[in-house]
1. Within region 133-145, restricting attention to residues that are surrounded by 14 or more Cβ atoms within 10 Å (Cβ to Cβ) and among the polar types (S, T, N, Q), which residue is farthest from the chain's Cα centre (by Cα)?
2. Tell me, yes or no, whether region 124-144 has at least one residue that is charged (D, E, K, R), without any contact (Cβ under 8 Å) to a residue 40 or more places away in the chain and in contact with a helix residue (DSSP H, G or I) (Cβ under 7 Å, 6 or more places away or on another chain).
3. Inside region 23-44, can you point out the residues that are of a type in the set (Gly, Ala, Ser) and farther than 12 Å from Asp135 by Cβ?
4. Please pick out the residue among Val94, Val60, Val50 that is surrounded by 11 or more Cβ atoms within 10 Å (Cβ to Cβ) and either assigned to a helix (DSSP H, G or I) or free of Cβ contacts under 8 Å to residues at least 40 places away in the same chain (or both).
5. Need the failing condition index for Asn37 against (1) surrounded by 14 or more Cβ atoms within 10 Å (Cβ to Cβ); (2) touching a residue at least 60 places away in the same chain (Cβ under 8 Å); (3) assigned to a helix (DSSP H, G or I), just the number.
6. State whether one or more residues within region 120-132 are loosely packed, with under 12 Cβ neighbours inside 10 Å, more than 27 Å from Lys46 (Cα to Cα) and modelled with pLDDT under 90.
Amino acid sequence: MVGLDPSGVPKNKAGLLAASFLTGTFGAAFMLLLAWNASNIAGHSKKVTVNALTLVSFAVGNILGTQTFQARQAPGYIGGKASIIATLGALCFVVVALRVMNDRLNRANEVRLAAMGEAEREALREKMAFADRTDRENVFFRYTH
C-alpha cells in the first residue's frame, strides 16, 4: 500500500486492483466481531452492554479514521494508509490474544467441572440451565474460536 511508491501514489494497476479487493474484506471482519460477541458472551445485561460498546466503538473508529486522511498529504495520504496498516497489524495480535484467553478460560472451566462429582455436576447443570448467568459464572459455558 505505502511501499509501492515513496510518494504514496501507486502506479501499478494490478497493485491497485489487489488493494481494492482487500478493502472489500473489512466489512466481513465487523460481522465476524458481532458473531464472536454473540457466541462468547452470556448473560442478557452483559451481552447488551458489550454489543452497545461494540457499536459505539465502531462509530467512533469511523469518525476518527477519516481524520487520519489529511488534505495536506494528498494524493498519497501516507498518514491514513499507515494508520490502516497499524490498526490491521494490531488486530492480528488481538485475535491471537483472544484465542489464547478463550483457551485458558475453557481449560479453567474444565478443571472446575472435573473437581465435581457426577451428582454435583448434574445438579449444577439443572440449576444453570435457565439461569441468566454470565459466561464467567457458568462453568458449562464454552468459548468459541
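1. In this case the residue turns out to be Asn138.
2. Just the residues of region 124-144 that are charged (D, E, K, R), to begin with: 125-127, 132-133, 135-137, 142.
Narrowing further to those that are without any contact (Cβ under 8 Å) to a residue 40 or more places away in the chain: 125-127, 136, 142.
Keeping just the survivors that are in contact with a helix residue (DSSP H, G or I) (Cβ under 7 Å, 6 or more places away or on another chain) gives 142.
Yes.
3. Taking region 23-44 as the starting set, the residues that turn out to be of a type in the set (Gly, Ala, Ser) are 24, 27-29, 35, 38-39, 42-43.
Result: Gly24, Gly27, Ala28, Ala29, Ala35.
4. Val50
5. Among (1) surrounded by 14 or more Cβ atoms within 10 Å (Cβ to Cβ); (2) touching a residue at least 60 places away in the same chain (Cβ under 8 Å); (3) assigned to a helix (DSSP H, G or I), Asn37 violates only (2).
6. No, every residue in region 120-132 fails to be loosely packed, with under 12 Cβ neighbours inside 10 Å, more than 27 Å from Lys46 (Cα to Cα) and modelled with pLDDT under 90.
The values are calculated or read from the model by the stated rules, or taken from the named source; none is laboratory data. In this text the structure is predicted, and so the values were computed from the model without any measurement. Backbone-built Cβ (ideal geometry, glycine too); neighbour counts: all protein chains shown.
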